[in-house]
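**Q** Sharing a structure with you now.
The values are calculated or read from the model by the stated rules, or taken from the named source; none is laboratory data. Bear in mind the structure is a predicted one, so any value in this text is a computation, not a measurement. Backbone-built Cβ (ideal geometry, glycine too); neighbour counts: all protein chains shown. Ligands, DNA and RNA are stripped out before the accessible areas are found, and what is left, the full protein with its side chains, is counted by its heavy atoms. Shrake-Rupley method; radii C 1.70, N 1.55, O 1.52, S 1.80 Å.
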Amino acid sequence: MNGDRVGRLLFQTQHIQGLLRLCGWSLLLTPTLVAVVALVAVGEGLPLGWALLLILSGLALALLAALFLARLLGRRIIEPLGRLLRAAQDIREGHYGTTVDPTTFQDSPLEFRLLGQSFNRMSETTREHIEALERATITDQLTGVSNRRFLVTEGPRLLRVALRSGAAFSCLMIDIDHFKRVNDQHGHLVGDRFLAHLTRVVSATIRTSDLLARAGGEEFVVLAPNSGTEEARLLAERIRLAVVRTPYVDGETRIDNSVSIGVAEHAAAPLFGSNDFEDMLERADRALYRAKQMGRNRVVAWGDEEPDQDL
């Protein structure tokens, strides 16, 4: 039976503390018993040199047993505990979902294998909860798209990326026409369902590289990387037509509606707000206001007309 097999047999127990005590007493008593035997042998006429050799052999045997136990402890207990501690430290530093390789515990006591499994489950559960909380803070609960908080944090980052690469960047400000009328005629529950329906229509129309966010109420924003004014205008027109062609239908309830959209491209010389991103949003919002002034259900880009003084 090799040492690895002995180690597995020794440590397949639920009473590790008792086993360690037994090993400790064995290490203490082995040299003592050998010394007693040597003294008795000397009394029986064993030469002193042989007696000393017997005592030294007992000490060597105790040392080898200690080294054997230390090796087993290191491989079966101490090393797995060290990996658990390092994984726990990673989680404390924010690396949620950190796990320990299950093979780390394959030769460890049953308790340690169960501990490793529990730790990994706990870490995965923590990661899932953290991700759910993060999604909740940046997702609009009604429509399922990004909320305004995500827009104002992720939008400037996307704009900076576009500017570093020299690409164009535009945004679309979308407002549902006469949405108050929908709530008044059908109630807020149907209004919420209609809002979610329209969000799905817009989401299916934009490109995968675009970002859709609910700015508040019935107003939405689409960020369109790699799009100048004309590309963004075409995207806005596709959205407008998709909304017109896809009414909300639920049983006998049918709601036809439209949207007005303002388009603005990032400008090198800001006119509004405290930064380039706020300036672009403000331009799109003013273009949206112009679209509503002109009769709704239309797309207007910043620069199509000079804004009035009261804008």
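**Q** Output the number of residues of segment 237-251 satisfying the condition of being in a helix (DSSP H, G or I), β-branched (Val, Ile, Thr) and more than 11 Å from residue 206 (Cα to Cα).
**A** 2
**Q** Please go through segment 99-129 and pick out each residue that is modelled with pLDDT under 75 and closer than 27 Å to residue 153 by Cβ.
**A** Residue satisfying the conditions is 129 alone.
**Q** Are any of the residues in segment 110-117 open to solvent by 60 Å² or more (accessible area, probe 1.4 Å) and out of contact with any helix residue (DSSP H, G or I) (no Cβ under 9 Å at 6 or more places or on another chain)?
**A** Checked against the condition, which is being open to solvent by 60 Å² or more (accessible area, probe 1.4 Å) and out of contact with any helix residue (DSSP H, G or I) (no Cβ under 9 Å at 6 or more places or on another chain), segment 110-117 yields at least one hit.
**Q** Shifting gears a bit: How many residues does segment 145-194 contain that are touching a Pro at 6+ places or on another chain (Cβ under 8 Å) and part of a helix (DSSP H, G or I)?
**A** 3
**Q** Just to be sure before I move on: is residue 234 open to solvent by 60 Å² or more (accessible area, probe 1.4 Å) and closer than 17 Å to residue 203 by Cα in the structure I sent?
**A** Taking the combined requirement at face value, the residue satisfies it.
**Q** Among the residues of segment 222-234, are any of a type outside the set (Gly, Ala, Ser), farther than 13 Å from residue 284 by Cβ, part of a strand (DSSP E or B) and touching a residue at least 60 places away in the same chain (Cβ under 8 Å)?
**A** Yes, some residue in segment 222-234 is of a type outside the set (Gly, Ala, Ser), farther than 13 Å from residue 284 by Cβ, part of a strand (DSSP E or B) and touching a residue at least 60 places away in the same chain (Cβ under 8 Å).
**Q** Give the residue that is nearest to residue 245 (Cα to Cα), with candidates limited to residues of segment 159-213 that are open to solvent by less than 40 Å² (accessible area, probe 1.4 Å) and of a type in the set (D, E, K, R).
**A** The residue in question is 177.
**Q** Also, quick follow-up: Taking segment 250-264 as the search range and keeping residues that are at pLDDT 95 or above and of a type outside the set (Ser, Thr, Tyr), which one is nearest to residue 192 (Cα to Cα)?
**A** 259
**Q** Can you spot a residue in segment 81-103 that is in contact with a Lys or Arg (Cβ under 6 Å, 6 or more places away or on another chain), open to solvent by less than 30 Å² (accessible area, probe 1.4 Å) and not in a loop (DSSP other than H, G, I, E, B)?
**A** No: segment 81-103 contains no residue that is in contact with a Lys or Arg (Cβ under 6 Å, 6 or more places away or on another chain), open to solvent by less than 30 Å² (accessible area, probe 1.4 Å) and not in a loop (DSSP other than H, G, I, E, B).
**Q** Only one of (1) open to solvent by 50 Å² or more (accessible area, probe 1.4 Å); (2) of a type in the set (S, T, N, Q); (3) in contact (Cβ under 8 Å) with a residue 60 or more places away in the chain is not met by residue 147, so which one is it?
**A** Checking residue 147 against (1) open to solvent by 50 Å² or more (accessible area, probe 1.4 Å); (2) of a type in the set (S, T, N, Q); (3) in contact (Cβ under 8 Å) with a residue 60 or more places away in the chain, the one that fails is (1).
**Q** When you check residue 179 against the structure, is it closer than 30 Å to residue 273 by Cβ and touching a residue at least 60 places away in the same chain (Cβ under 8 Å), yes or no?
**A** When the stated conditions are applied, residue 179 passes them.
**Q** On to the next question. If we scan segment 179-191, do we find a residue that is within 21 Å of residue 209 (Cβ to Cβ) and at pLDDT 90 or above?
**A** No - not one qualifying residue is present in segment 179-191.
**Q** Checking residue 228 against (1) in contact with a Phe, Trp or Tyr (Cβ under 9 Å, 6 or more places away or on another chain); (2) buried (at least 18 other Cβ atoms within 10 Å of the Cβ), only one condition comes out false. Which one?
**A** With (1) in contact with a Phe, Trp or Tyr (Cβ under 9 Å, 6 or more places away or on another chain); (2) buried (at least 18 other Cβ atoms within 10 Å of the Cβ) applied to residue 228, the lone miss is (2).
**Q** Sort out which residues of segment 269-305 are among the hydrophobic types (A, V, I, L, M, F, W, C) and surrounded by 19 or more Cβ atoms within 10 Å (Cβ to Cβ), and write them in order of number.
**A** Within segment 269-305, 277, 280, 281, 284, 287, 288, 291, 299, 300, 301, 302 meet the criteria.
**Q** Does residue 235 satisfy the condition of being touching a Ser or Thr at 6+ places or on another chain (Cβ under 7 Å) and modelled with pLDDT of 95 or more?
**A** Taking the combined requirement at face value, the residue satisfies it.
**Q** If you don't mind, there's one more thing I want to ask. Just to be sure I understand the filter: pairs with C-beta atoms under 9 Å, separated by 6 or more residues or on different chains, first member in segment 240-268 and open to solvent by less than 40 Å² (accessible area, probe 1.4 Å), second member among the hydroxyl-bearing types (Ser, Thr, Tyr) and assigned to a loop (DSSP other than H, G, I, E, B). Which pairs pass?
**A** 240/258; 243/258
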